[in-house]
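Below is one structure, written out as C-alpha cells, with a few remarks after it.
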Amino acid sequence: MRAKFSPASAIGRPFKLLIDANRKYGLEWWLLVIGTLIVLFIIFLAFFPQTLAPYDPLDQDTGPQLSPPSRENLMGTDNLQRDIFSRMIYGSRTILGVAFSAAIISSLAGVTLGLLSGFLGGVIDRILSLIMDSIYSFPGLILAIAFAAMLGPGVFNITLAVAVIYIPTYFRLVRGQTLSIKEELYVEAARAIGAKRWTIIGRYIFPNAIATVVVIFSLNIADAIMTEAALSYIGLGLPAGIPDWGMDLSMGKKFLPSGTWWMVTFPGLMIMILALGFTLLGEALAEILNPRLLER
Amino acid sequence: MALLEIDNLSIDYPINIGTVQAVRDVSLYLERGEVLGLVGESGCGKSTLGLSILNLLRPPGKIVGGEIRFKGKDIVSMKRQALMSLRGKDIAMVFQNPLTSLNPLIRIDRQFLETIRQHDPQFNKEKALKQAENILDALGVEKKRLYDYPHQLSGGMRQRIMIGIGLIMNPEIIIADEPTTSLDVIVEAGFIDLLNRLRKEFELSIILITHNLGMVAEIADRMAVMYAGRIVETGSADQIYHNQFHPYTYGLINCVPNINLDQEELITMPGNPPDLVDPPKGCPFSDRCPHVMDRCRNELPMLTERRAGQSVACWLYEENGEPPWKN
Amino acid sequence: MLFILLTLVFVVLRIMPGDPVKAVLGAHAPPHVIEAKRAELGLNKPLIIQYFNYLGQLVRFDLGDSMVLKQKVSAPIKEKLPATLELSVMGMFFTLIIGIPLGAFSASKRRSARDLGIRLYGNIVYCIPVYWMGLMLQLVFGIWLGVLPVAGRTGARVFPSLFEKTGFYLLDTLLVGNFAAFGDVLVHLLLPSITLGIVLSGVFVRLTRANMLDILKSDYILAARARGIPERKVVYKHGLKNAFIPILTMLGLQFALLLANAILTETTFSWPGIARLLLERIYLRDYPTVQGVIVVFALIVSLISLIVDLLYAVIDPRVKY
C-alpha cells in the first residue's frame, strides 16, 4: 500500500509541512493564499500584458514555424509563426473577460430573478422555478453549445451563452434566502415591530446570503472559464483574430500527431491553472465563511 | 493482581480552543467475576474511560499518562496485533444504542461469523453458526433471527444480539457503556436478569458504565463515582448506597425521588461541571459543593481510604470525620 | 422536466438565425423553390402548429426525418448511440475505480500527507479540461510511446461489419468469439475512457471522502473496531458498503455530465458517437436531428435515474418496494 500511494504523499507532504509549521492556519488558509495569488497574477497579466509578453500575439513572424520552446520563444511558435507565450498572456484577457462578464450577468440576472420570484410567489414563482430547474438539471455544456450555435460567433454572444447556464444557481440560492426572509417578515409583522425587522434582516440574513453569493461567484468564474474554453475548442467561440486559449488548443490539435506538443500543452495548462485558482479561492472562502468549530 | 488494573490514567482531547482534560489520574481495578459500576453525570468522562480500555479513543483523543493492565500486560503500549486479538476476544464492549451499533446493511449471522472468523484460527462455518445459535438460545432470542437484518428486530432483541456478539468468543471482561439507556424499563429489568445469569454461567467480569444508579444498586458489587474526569469515591455498592462520603455522591444517590418518602422538596445540585479545558485548581466540585471549605478551592484532595474498602477524595474527612449531613 | 426541455429546445432551434432551407438548397436558389421546400418541410406553418405536430410524432415514437440529409432522424442515432454509451459506461467504470478507493483511503487516513495529496488531486482534477487531458494522454501514450491508439473505435485491420450486432463492440466481439478484435476494441476504448475517468473522478473522490468521514464516526464502526476487526476491513467492508448509497445517487447525476463531456471527448478521439452527431447537425441546422438527439439523451438520463432507484432496493435491505 505504501509504494502505491507515494505520488499522493509526494504532492501532499510539502503542504503538510507548511501546515505543521503554522498550527494556527489550516489547509484552507493555504489554499486561499495560493488561489488568490494565481488569480491576482493572471488578472495582472490580463491588465498589463505588455510587461511580460515579448511579442505581439498576432505577430506572424516571431520565429520559425512550429518550433519548440526555446529562449526566443518560451513556449514555442505555432503554425503561423506566432509566439505562443505571448498568446497565452494576451489570451488571459479574453478568457477572463468573458468569464467575468458572464459571471456578472449571471449573478445579476439570477439574484434579481430569485428575489422577484421569492418575493412575488404565486404563478410567476412557479413558472420561473420550473424553467430554472429544467436549465439546472441539464448539463451546462450542451446548453451553452446550443445557445452559442443559436446566437452565432462574437464576444458578446459567447458571453451570453456562458452566462445563461449559471443563472439558475444564483436564482435558487437567492430565492431560498428570500423565502426564509419572507417567513421572518410575517412573524415580525405580526408583532408590528417595524424598523427592527430590517435590522435583523440586514445584520443576519444578508451577510450570510452575500457570503454565499461571493463563494458561488468565484466558483462560477472557474466554471465559466472551463465552458468558454470548451466552446472555443469545439469551434463555437470567438472570431479568429482574438487570442483565445481554447481555440489555440483546437488549432494545436491538428499538429499533435507530428509531435508538436507545445501548441496543445500550454493553452490547456493555462486553462487549468486559472480555473484552479478560482476554484481554490471559492472553496477556501466557503470554508472560512462557515467556520467549523471543533475539528482540527 | 486484579484481572484489570487501571493506574493513574489520564486522557486528553486536544481541540482548537484548547485541550480538554477528559480524564485525570484515574485508578481502578476489576477482580475476576465481579461487577464494577462506573457512575457519573453526562460528560464526566466515564464513557471516554471505557473506550480507552480497549484503546478505542477517537482521534484527537489520546491517552497521555498511566497504564491499563489486563492480566499484567499493559494495553496502552500494546502492539497492534496484540490489541486486535484482545478486542472482542478477551475484553468485549457493548454500546448504548443497539440500532446504530449494528451495521444496518449486514445480516446478523454474518456479523457473528465475521467476529468468529477474526478470532478463531480454526474457523469452521457450521461450528461458528452453531456457536451463534447457542448464544442466542442462552440470551432468549429465537435462532431464526440470525437471518434478519438489524432493522427488522425490536430494541430488546437488538440489545441481546449485541451482547451475543460481544460474548461469542467468551471474553473475560465485558464493558457495557450505557447498555439500557435507549431501552424501556421492562427491557432494562430483563437486561439485569440477563447480566446476573451471564455472570454465573460464564464467569464474566463486568464494567457497567451508566448514570442509572438503580441498575448499579441491583447488580454491581463495587462502584466508582466519577466527576469532571476524576474518581471522587469508590467502595462496595452496598456501602456507597447506604453511606456516602463525598457530597457529590450524596447528591447523586439522594436526588432520585422516592415515592415512599414524604418529600417536600427535591434535592438538587445547582450549578454545572467545571470547564475541562481550564480546570479549577482545587477540588473540581468546589463550585457546587454545599460544604465547601477554603482548602477545597486551592488543594486537590486525593482518593484516600476512609473505611474498609471505601475511599473518597474530599477534604471533609481529613480528621476522619463523619459526613456533615449526618447531623 | 423532459417536456420543458423539449419545448425549450424546440423554441431555441427555431429562433436560431440561419435558414436550414437555404443551407440545403444554397443561398442563391430562386425564391419559389425555397418556398416550395419550406412548405414541404412544414416550416411555413405557425410555430405552434409545428410544435404540436412534433409532439404528435414523438408520441408515436417517430423522431421524424432529417431536414438536411435524406434519412430518418432515428437512423444515425441508432447507429451511433452504442458508441457513446459504451464509452460512457467505460468512462464511468474508470471514474468509480479511481475515485472511490481514493476517497475511502483518504477518509481513513484523515489529515495525513496522503489525505491532503488526494484531496488536492480531487480539487485539481475538476479543473482539467477533459479534451486537454485527452490530448495529453494521446501525446504520451499514442505518439511518444506509441502503445495506445488515439482515434476511432477499431484499428485499420479490424472490420466492424464482421461482428457488429448490438453495436456494443465489446459485447459483439465476444459473442462471435473474435478475441483479436475484442482486444483491438478494448485498446481503442482505453484512452478515451481513462480520460473521462480521471477528469470525473474528482467528484467521486470528494463525495466518497465526505461520506466516509461521516460514516466512520458511526457507532457500528466503533463496535466493529471493538470486536477486533482490523482497520482495513472496517473501512472498506463496513464503511464503504454504507457509503455506496449516496455514491449511487451521484452516479445517476453524473451520468448526465458524462454524456455532456462526451461531446468534447468524441471530438478529441474521433469517436463516432451521437455527441459528435449532435455537433455536426447543429452546424447544419438540422433541427429534427438535433431535437432527436436531445430527446434520446434526456430519455437515457431518465432511464439511468430509474435504474439507480431500483439498485437502491438491491443494496439497502431497509428499502422495500
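Observations, loosely collected:
- Centre separation in Å (Cα based) which lies between region A:61-140 and region C:267-321: 26
- A Förster radius of 51 Å combined with the Cβ-Cβ distance from B:ASN243 to B:LYS144 puts the calculated FRET efficiency at roughly 0.55.
- Inter-chain Cβ neighbour count for B:79-92, averaged per residue, equals 2 (cutoff 10 Å, partner chain atoms only).
- Arranged from fewest to most other beta-carbon atoms within 10 Å of their beta carbon, B:ARG288, C:ARG276 become B:ARG288, C:ARG276.
- Mean projection area, nm², convex hull over Cα of region B:220-306: 6.7
- Cα gyration tensor shape for the protein assembly as shown, rounded if a/c is under 1.5, else prolate or oblate: prolate
- Kirkwood Rh in Å, taken over all unlike Cα pairs in region C:165-321: 18.9
- In terms of its Cα atoms, region C:189-246 spans 45, 18, 14 Å along the principal axes, sorted from long to short.
- Spherically averaged projected area of chain B from its Cα convex hull (nm²): 18.5
- Additional length obtainable on full extension of the chain from B:GLU264 to B:ARG80, 0.36 nm per residue less Cα span: 60.6 nm
- Fully extending the segment from C:ARG318 to C:ARG110, taken as 0.36 nm per residue of separation minus the present Cα-Cα distance, adds 71.9 nm.
- Peptide A:132-141 is shielded by partner chain Cβ atoms: per residue, an average of 5 of them sit within 10 Å of its Cβ.
- 14 Å cut-off, amide nitrogen to a point 7 angstrom out along B:VAL256 Cα→Cβ, residues in region B:188-206: B:188-189, B:192
- Based on Cα atoms of region B:1-102, Rg over Rh with Rh as the Kirkwood radius reads 0.95.
- Long-range HN-HN contacts of C:ASP286 with modeled amide H, under 5 Å: none
- Region B:169-327: radius of gyration over Cα atoms, expressed as a fraction of 2.2 N^0.38 Å: 1.15
- Across all C-alpha atoms in region A:44-175, the radius of gyration and Dmax reach 20.5, 66 Å.
- Taking amide H as placed 1.01 Å from N in the peptide plane, B:ARG32 has its amide H under 5 Å from the amide H of B:LEU3, each at least 5 places away in sequence or on another chain.
- Using bins of 5 Å that start at zero, the share of Cα-Cα pairs per bin across region C:220-302 amounts to 3, 13, 15, 14, 11, 7, 7, 7, 7, 7, 5, 3, 1, 0, in whole %.
- Coordinate range of the alpha-carbon atoms in region A:29-115 per principal axis, descending: 57, 30, 19 Å.
Read-outs throughout are calculated quantities, based only on the coordinates presented, and are distinct from any laboratory measurement. As the structure is a computational prediction, the values presented were derived from the model and not from experiment. So basically every Cβ, Gly included, is an ideal-geometry build from the backbone, and we count neighbours across all protein chains shown.
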